[in-house]
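The values are calculated or read from the model by the stated rules, or taken from the named source; none is laboratory data. It should be emphasised that the depicted structure is a prediction, and the values quoted were computed from it without experimental measurement. When we count neighbours, we look across all protein chains shown, and the Cβ atoms used for this are built from the backbone with ideal geometry, even at glycine. Side chains are part of the model used for accessible areas, which takes the heavy atoms of the whole protein and leaves out ligands, DNA and RNA. Shrake-Rupley method; radii C 1.70, N 1.55, O 1.52, S 1.80 Å.
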Amino acid sequence: MTVKAMTAKEVARKVIDNEPLFILDVRNGDAFADWKIEGGNIQYLNTPYFDLLDGVEEVVSELPKDRDILVVCAKEGSSVMVAEMLDEEGVDAAYLEGGMKAWSEHLEPVKVGDLKNGGELYQFVRIGKGCLSYMAISDGEAAIIDATRMTDVFLDFAQEKGAKIKHVFDTHLHADHVSGGRQIAEATGATYYLPPADAEEVVFDYAELVGGLEVAIGDAKIEIEALYSPGHTIGSTSFIVDDQYLMTGDILFIDSIGRPDLAGLAEDWVGDLRESLYSRYAEFADELIVLPAHFMIMDELNEDGSVAKKLGDLFKENHGLNIEDEQEFRDMVTKNLPPQPNAYQDIRSTNMGKITPDEEVQREMEIGPNRCAVR
Amino acid sequence: MNADKVLDAKGLACPMPIVKTRKEMKDMESGQILEILATDKGAKADMTAWAKSGGHELLEIEEAGDVLKFWIKKG
């Protein structure tokens with residue numbers, strides 16, 4: 001085999017650095033329209049592999065000569081075939097190793113900042129799906145918030161940093177991705193916290209994450225303070241870390257706000273959502289840096305790949321925080337909602353421990369964008 | 001459903017189920033029905049899209065455990 005692979009990590013770096021790339025996506029049209037590799041400097045052509053079986057001549061003329069070409073499919077097989085066919089036509093093209101599955105699972109760790117008494121805060125950007133997880137490290141101890149199911153990434157990262165994972169939190173019961181929180185806690189002996197109001201149907205033991213809870217990591221005593229902020233789910237909880245960072249879960253994003261319907265009670269929770277955003281958050285210092293559990297569009301990424309912005313800026317710029325009329329707000333978050341995430345009910349059941357699908361099934365359940373927001 | 005021919009593509013990963021289906025179809029007459037067995041989950045959407053783009057009629061899809069069954073009438 002002569003064609004070369006490009007890893008999800010390499011593609012992630014290109015996206016973050018805004019480097020030019022041409023993607024020939026050979027999945028079927030619906031899959032491409034639903035979800036693709038996003039980036040500010042990416043050009044696309046979608047031609048399903050089954051339309052190229054007789055030859056790739058028809059697409060060769062549409063491929064640029066001045067940028068790298070990446071062939072992408074769901075799992076890799078078809079993209080290897082098409083890249084080889086292109087190679088035979090004299091076109092230099094790579095394929096995405098592991099396909100969109102690998103893209104969906106890649107986590108890019110980005111340092112968000114230092115903690116006041118020493119220690120560091122990292123954001124794990126799941127760039128293909130828009131999930132954001134966090135690890136705070138101080139004096140050989142770590143806390144993790146909203147871990148995804150790629151638990152090895154977190155375990156290895158903590159080990160590299162010489163930190164023992166002590167506390168694992170989920171801000172709420174996730175509906176768009178399978179949580180890795182419980183597995184990480186089981187593997188490390190850490191405490192796993194969930195908001196009790198989201199955990200009524202959960203079938204495993206957990207520690208109650210309630211407003212006012214404070215935990216510390218390391219001798220430097222990095223404070224992690226929980227704040228009850230319902231709205232996306234009834235249990236949704238935010239965190240203030242080290243008096244500097246506000247982790248908003250799926251309540252507030254950079255360019256949008258959380259949707260209240262994924263646990264089935266949009267009408268009931270819209271009032272809570274408004275209260276959390278317009279009253280509770282409004283009391284906090286403008287200088288707090290908002291760190292959400294998701295991003296939806298690449299424009300929400302900063303230049304270094306992180307997803308973070310001052311709360312004061314969001315109160316100025318985020319449309320969802322600037323709807324004065326309550327009825328208008330109510331309509332926005334309950335009507336014309338985007339499609340619900342793929343398999344969200346099965347994902348919720350998995351996160352409750354009610355079902356334990358094997359890894360391959362969990363992958364399939366998570367395919368697609370996260371869709372946790374309304375704009 | 002009665003099929004004129006059965007193709008076993010179980011255990012094959014994408015793109016092979018479509019590659020084999022296409023090859024099989026070439027040897028069939030218009031109006032004949034091919035039954036395809038596959039285990040690649042992606043085959044569901046791809047077979048549907050491929051049949052449409054090739055002018056064939058996807059008559060039915062059935063899921064029995066891990067096995068997907070397709071009946072496609074050649075166009």
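Using a 1.4 angstrom probe, figure out how much accessible area the range B:5-73 has per residue, in square angstrom, rounded to the nearest whole. Present the calculation step by step, with values, prior to reporting the outcome.
Working: 3490 Å² over 69 residues.
With the other protein chains kept in place, the range B:5-73 gives 51 Å² per residue.
Given H placed 1.01 Å from N in the peptide plane, which residues other than close sequence neighbours of A:Phe253 have an amide H under 5 Å from its amide H?
Long-range HN contacts for A:Phe253: A:Gly258.
For the range B:5-73, what's the relative contact order in percent, using C-alpha pairs closer than 8 Å and at least 6 residues apart?
For the range B:5-73, the relative contact order is 35 percent.
For B:36-42, what's the mean count of beta carbons from other chains sitting within 10 Å of each residue's beta carbon?
That works out to 3 on average.
Working with all protein chains in place, sort A:Tyr122, A:Tyr228, A:Tyr278 by solvent-accessible area computed with a 1.4 Å probe, largest first.
Values: A:Tyr122 20, A:Tyr228 90, A:Tyr278 55 Å².
Descending order: A:Tyr228, A:Tyr278, A:Tyr122.
Counting only protein heavy atoms and rolling a 1.4 Å probe, how much accessible area do B and A lose on contact, total for both sides, in Å² to 100?
Separately minus together, B and A give about 1100 Å² buried.
Could you pull out every residue, at least 5 positions away or on a different chain, whose amide H is within less than 5 Å of the one on A:Ile23? Hs are placed 1.01 Å off N in the peptide plane, and Pro or chain starts have none.
A:Gln43, A:Tyr44, A:Leu45, A:Leu70
Quick one: which residues, 5 or more positions from A:Ile222 or on another chain, have an amide H under 5 Å from its amide H? H modelled 1.01 Å from N in the peptide plane, none for Pro or chain starts.
Counting only residues 5 or more places away or on other chains, the set is A:Ile217.
Taking the Cα atoms of the range A:1-99, report the difference between the largest and smallest coordinate on each principal axis, in whole Å and largest first.
36, 28, 23
Quick one: longest stretch of chain A between exposed loop GluC sites (Glu not before Pro), exposed meaning at most 12 other C-beta atoms within 10 Å and loop per DSSP?
Numbers: sites that count: A:Glu62, A:Glu200, A:Glu201, A:Glu287, A:Glu303, A:Glu324.
Counting only loop sites that pass the neighbour cut-off, the longest clear stretch is A:63-199.
Taking a probe of 1.4 angstrom, what is the accessible area of A:Val15 in Å², to the nearest 10?
Approximately 20 Å² for this residue.
Go through A:Asp54, A:Asp87 and list them by solvent-accessible area, largest first, probe radius 1.4 Å.
A:Asp54, A:Asp87
Report, in degrees rounded to the nearest 10, the 0 to 90 angle that the Cα long axis of helix B:16-26 makes with the longest principal axis of chain B.
Once rounded, the angle reads 10 degrees.
May I ask what percent, to the nearest 5, of DSSP beta bridges between residues of the range A:108-374 are antiparallel?
For the range A:108-374, the DSSP antiparallel bridge percentage is about 75.
Counting Lys and Arg as +1 and Asp and Glu as -1, each charge on the Cβ, what is the dipole of the range A:108-374 about the Cα centre in debye, to the nearest 20?
With Lys and Arg at +1 and Asp and Glu at -1, about 280 debye.
Between the range A:1-59 and the range A:230-275, what is the C-alpha centre distance in whole Å?
A separation of 34 Å, based on Cα centres.
Along the charge dipole of the range A:172-274, Cβ charges K/R +1 and D/E -1, which of A:Ile234, A:His172, A:Met247 sits furthest on the positive end?
In the range A:172-274, that residue is A:Met247.
Quick one: which bits of the range A:21-62 get at least 50 Å² less accessible when the partner protein chains are in, versus the chain alone, with a 1.4 Å probe?
A:Asn28, A:Tyr49, A:Phe50, A:Leu53
Show me the GluC sites (Glu not before Pro) within the range B:10-58 that DSSP assigns to loop and that have at most 14 other Cβ atoms within 10 Å of their Cβ.
Sites meeting the loop and neighbour criteria: B:Glu29.
In whole percent, and with a 1.4 Å probe on the protein chains, what portion of the accessible area of chain B is carbon and sulfur? Mind dumping the intermediate values first?
Details: 1880 of 3970 Å².
Result for chain B: 47 percent of the exposed heavy-atom area is carbon or sulfur.
Treat the range A:108-374 as a sphere of radius equal to its Kirkwood radius over Cα pairs and apply Stokes-Einstein at 37 °C in a medium of 0.692 mPa s; give the translational diffusion coefficient in µm²/s, rounded to a whole number.
Numbers: Rh = 18.3 Å.
The estimated diffusion coefficient comes to 180 µm²/s.
What's the carbon and sulfur percent of chain A's accessible surface, probe 1.4 angstrom, rounded to a whole number?
Of all accessible area on chain A, carbon and sulfur atoms account for 43 percent.
Which chymotrypsin sites (Phe, Trp or Tyr not before Pro) does the range A:282-375 hold that lie in a coil by DSSP with at most 14 other beta carbons within 10 Å?
Those that pass, being in a loop and sparsely packed, number zero.
Where does helix B:43-54 land angle-wise versus the long Cα axis of chain B, in degrees 0 to 90, nearest 10?
20
When only Cα pairs under 8 Å and 6 or more residues apart are kept, what is the percent relative contact order across the range A:5-102?
Across the range A:5-102, relative contact order equals 33 percent.
In whole percent, what relative contact order does chain A give with Cα contacts below 8 Å and a gap of six or more residues?
14
Can I get the semi-axes of the protein assembly as shown's equivalent ellipsoid? Compute them from the C-alpha gyration tensor as square roots of 5 times the eigenvalues, in angstrom, largest first.
Output for the protein assembly as shown: semi-axes of 43, 24, 21 Å.
Probe of 1.4 angstrom, ligands and nucleic acids ignored: what's the accessible area per residue over the range A:126-254, in square angstrom?
31
Given only helices, namely DSSP H runs of n ≥ 4 each adding -39500 (n - 2.57), what is the per-residue ellipticity at 222 nm of chain A, to the nearest 500 deg cm²/dmol?
One gets -7000 deg cm²/dmol as the mean residue ellipticity at 222 nm.
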